[in-house]
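Peer 1: Following this message is one structure expressed as structure tokens.
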Amino acid sequence: MTNQKLDIALTLDYEVYGDGGGDIFQTMIRPTNELLSICEKYGAKLTIFFEVLEFIRIKEEWQKGNKMGYDADPLQAISAQLKGAYLAGHDVQLHIHPHWLTGKYKDRAWDLDSYYWKLTNVPLEPTGNYPLGLEALIKRCKEEIEKIIQEVDPSYSCNIFRAGGFSVTPSTEITKVLIKLGFIADSSVIPGGYLNNEYFYYDFRSCRIDKPYWFTNQELHIENPEQSGLIEFPVYALNKRRITKYDLQRIKVASKNKSTNLNKIKGKVGKESTFLGKIKYFFEKEMLCWDFCLFSSHKMNAYFTEAFNRRKNSKESLYPVILLGHSKEFLHPKSFKAFIEHHLENINFYTLSELVQCIKDPLEAINLNQHARKDH
């Protein structure tokens, strides 16, 4: 291989907590500003997956006069931040947790129906319980993002998707809708991953873990040999014991919102009926995503080494490695900065839109890398 750099895409799920908790300025605006500042310093790029259904529902409450405890306008802050990030060369794309659509704000908190956390539970057509069908839901959210970003770039199109909680099993109907609405790529697959509980359901155990991307026109994790349809960019993950997730850095982040994170953990271990079963759960293995917001620099270095070796042994001219993060969890920037400083000379940073361009036109990768080196 002549290219001895790792092609990295930093993807950020931009949202409050899944139960509706969290201050927008604390969980989204401030940590994302810090992350954008670090990216500017080192020439890194973000793909921001904007949970826009959350934005839509908060806007509806705001327009009714419900300030939800905010002194400043959170909607204006979100819009300004996203437009500024886009103008700085970052990407803004679509992320949906469908339970926001039917959520109600009462008693100073959001009441959200966990059944609709999973995109696969959204009906194809409206029902008495859910007022939008799958296509109408995704179309509404796509248009809302375009309305914001087209204020600074009229040519912008929202065309890359990530499902909330990666819950896209089965995904054939979702794939059909995405293609119909003009989406060109998705990043909702964790190769080898499996999880099934109240909040999550995905089954990617049959998926190759060494494939950096593929085309699909049916189940998102199944490759289309005809090389047409959506481009799937899987999130990079390694098979690790669950207990290794809970290092000091992750515990510090979890302590910032104890009730939300405790509910998430309870949901994942809830099927274990005995104490020993719950203990056993933490020592079993799962596909652990490379999370640049939660990982210590040591853990990121270990993942980098594994990914770099895969890249060297691959015949692919482009080997994108997709990292995951959440704005609400970017609370310890020193780890991320230390990782970038250590590996900067061995990384090519891309947005997902740029990766699509590179796949469709391999010469574009050379142009992008030369431009990035010149800017840096």
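Every number here is computed from the coordinates shown, using simple stated rules; none is lab data. It should be emphasised that the depicted structure is a prediction, and the values quoted were computed from it without experimental measurement. Counting neighbours? That spans all protein chains shown, and the Cβs are built from the backbone with ideal geometry, glycine included.
Peer 1: Once you keep just the Cα pairs under 8 angstrom separated by 6 or more residues, what percentage relative contact order results for the chain?
Peer 2: Computed over the chain, the figure is 23 percent.
Peer 1: Please compute the net charge surrounding ILE190, taking Lys and Arg as +1 and Asp and Glu as -1 over other residues with Cβ under 12 Å from its Cβ.
Peer 2: Neighbour charge sum, excluding ILE190 itself: -2.
Peer 1: Right, something else. Would you kindly state the longest site-free stretch of the chain, with sites defined as chymotrypsin sites (Phe, Trp or Tyr not before Pro) in a DSSP loop (not H, G, I, E, B) surrounded by at most 15 other Cβ atoms within 10 Å?
Peer 2: In the chain, the maximal stretch lacking such sites is 71-245.
Peer 1: How would region 107-192 be classified by its alpha-carbon gyration tensor: rounded, prolate or oblate, with rounded meaning a/c under 1.5 and the a/b versus b/c comparison settling the rest?
Peer 2: Because a/c hits 1.5 or more and a/b fails to exceed b/c, region 107-192 counts as oblate.
Peer 1: Also, I was wondering about something else. Could you list LEU82, LEU36 so that the one with the fewest beta carbons within 10 Å of its beta carbon is first and the one with the most is last?
Peer 2: Lowest count first: LEU36, LEU82.
Peer 1: Please report, in debye to the nearest 20, how large the charge dipole of the chain is about its Cα centre when each Lys and Arg carries +1 at its beta carbon and each Asp and Glu carries -1 there.
Peer 2: 1280
Peer 1: Also, I was wondering about something else. What number does the chain give for Rg over Rh if you use C-alpha atoms and the Kirkwood radius?
Peer 2: A ratio of 0.94.
Peer 1: Now for a different question. Can you give the calculated 222 nm mean residue ellipticity of the chain, where each DSSP H run of n ≥ 4 adds -39,500 (n - 2.57) and the sum is split over every residue, rounded to the nearest 500 deg cm²/dmol?
Peer 2: Here the helix-only value at 222 nm equals -12000 deg cm²/dmol.
Peer 1: Once region 16-164 is represented by equal point scatterers at the alpha-carbon sites, with solvent omitted, what log10 I(q)/I(0) does the Debye formula produce at q = 0.16, 0.21 Å⁻¹?
Peer 2: Relative scattering, expressed as log10 I(q)/I(0), comes to -0.92, -1.45.
Peer 1: Next question, about the same structure. Which longest run of the chain has no exposed loop site in it, a site being GluC sites (Glu not before Pro) in a DSSP loop with at most 16 other beta carbons within 10 Å, and the site itself not part of the run?
Peer 2: Result for the longest clean stretch: 1-150.
Peer 1: Would you kindly calculate the mean projected area, averaged across all directions, of the convex hull enclosing the Cα atoms of region 67-139, in square nanometres?
Peer 2: 6.4
Peer 1: Is region 44-106 best put as rounded, prolate or oblate by its Cα gyration tensor, with a ≥ b ≥ c the root eigenvalues, rounded for a/c under 1.5, and otherwise prolate when a/b is larger than b/c, oblate when not?
Peer 2: Oblate.
Peer 1: Enumerate the amide H contacts of HIS326 below 5 Å, restricted to partners 5 or more residues apart or on another chain; note that Pro and chain-start residues carry no placed amide H.
Peer 2: Under 5 Å from the amide H of HIS326 lie the amide H atoms of ASP13, CYS293, each far enough along the sequence or on another chain.
Peer 1: Starting with the fewest neighbours, write out ASP361, ASP71, ASP186 ranked by other beta-carbon atoms found within 10 Å of each beta-carbon.
Peer 2: ASP71, ASP361, ASP186
Peer 1: If you don't mind, there's one more thing I want to ask. Using the count of nearby Cβ atoms within 10 Å as a rough guide to exposure, how do ARG108, ARG310 rank from fewest to most?
Peer 2: ARG108, ARG310
Peer 1: Further, regarding this structure: Using a Gaussian network model on the chain with a 10 Å cutoff between Cα atoms, which of GLY65, GLY193, GLY84 fluctuates the most?
Peer 2: GLY65
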